[in-house]
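Below is one structure, written out as structure tokens, with a few remarks after it.
Each reported figure results from applying straightforward, stated rules to the coordinates on display, with no laboratory input. These numbers were taken from a predicted model, which means no experiment stands behind them. Here the Cβ is made from the backbone with ideal geometry for all residues, glycine too, and neighbour counts use every protein chain on show.
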Amino acid sequence: MTGVVAQPELDELVQLLDLERIEENIYRGVSPTTAPTRVFGGQVAGQALVAAGRTVSSERQVHSLHAYFIRGGDPRVPIVYEVDRVRDGRSFATRRVTAIQHGNPIFALSASFQEAQEGVEHTTPMPDVPAPEELPSLPERLTGYEDLFGPRATLRRPIDIRYVNDPPWVRRATGARSTRSQVWMRADGVLPAQPLLHVCVLAYASDMTLLDSMMSGHGLAYGIDKVLLASLDHAMWFHRPVQADEWVLYDTESPTASGGRGLATGRFYSRGGELLATVVQEGLLRVSNR
């Protein structure tokens, strides 16, 4: 099953990640004009990683990031990213980035970069799942749910998402419960051949669907049920080069939830079965009965 390529929307995402340099180690980013009331977490993570990467030699690629979401971002005003060049070693470089709005930090990221090196290799096998072409597109999955999602049901997105298992809103209706979610993803168009950009697009996409596994185990669906859902912290490890405009499988699971918080883990696999990246995120999940 195929859809219309969303190249204009993808080009907007590329532009969103192309930060303005306003001073040494200081960059400025904006949010989409169609942004909701709060800045999407994947956007600020991707932009912060761009800021960090702009201060590192292109010979060194990011291999890990650790981030905290401190305050909700305001999409109406620019975000300033301040980079601290913590260390430049012989093989590794470390950066800290603080995202600031209205004079306050809203997000903090630490990232480590490494020169390419040879080493032993192994990888956890990729789950056996249907090919993305065999699965319905997200707009097809949303057909019949227009009354629940409104304009979001027909919104064109820069990331093509194909659910392997049923999405949360379908599980909610059918009564199915599972703390695992699997989706195929890719940038919906062609990206420039810039390794940092591909990694940042993957970081952007990593905040999409990750918390599905946390909600689906309880029959909840964001946008339908009265839930307060927010990313609290986010970590990623990049194991191999990423091609974000090719299909990757995002296999996610929630091992636990308690105290109004839940943990979600994810693995990105290439179509050839290589483990590309590992993700761990803790999210806020509050359910209102009112």
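Relative contact order for segment 70-209: 14 percent, from Cα pairs under 8 Å spaced at least 6 residues apart, divided by residue count. Overall size of segment 1-114 from C-alpha positions, given as principal axis extents largest first: 45, 39, 24 Å. Distance between the 7 Å Cα→Cβ label points at Asp128 and Thr265: 2.3 nm.
For the pair Arg21 and Val77, a Förster radius of 25 Å applied to the C-beta separation gives a FRET efficiency near 0.85, rounded to the nearest 0.05. A compact globular protein would have a Cα radius of gyration near 2.2 N^0.38 Å; the ratio found for segment 84-123 is 1.67. Once you've got the GNM for the chain with C-alpha springs shorter than 10 Å, pick whichever of Ile159, Ile70, Ile224 has the biggest mean-square fluctuation. Largest GNM mean-square fluctuation: Ile224.
Taken along its principal axes, the alpha carbon cloud of segment 53-149 reaches lengths of 53, 47, 20 Å, longest axis first. Calculated on the alpha-carbon coordinates, the convex hull of segment 135-276 measures out at 118 cubic angstrom per residue.
With a 10 Å cut-off between alpha carbons and a GNM built on the chain, which of Val201, Val83, Val227 moves the most? Top of the fluctuation ranking is Val227.
Principal axis extents of the Cα atoms in segment 98-177, from largest to smallest and rounded to whole angstrom, are 48, 46, 26. Once you divide the Cα radius of gyration of the chain by 2.2 N^0.38 Å, the number left is 0.97. Considering only Gly266, Gly223, Gly144, the mean-square fluctuation computed in a Gaussian network model of the chain, springs between alpha carbons under 10 angstrom, is largest for Gly144.
Can you pull the one-decimal nm distance between simple spin-label points at Glu246 and Arg180, each 7 Å off the Cα toward Cβ? Distance between the two pseudo-spin positions: 2.6 nm. Here each label is just a point 7 Å from Cα along the line to Cβ, and for Arg87 and Lys226 those points are 5.0 nm apart.
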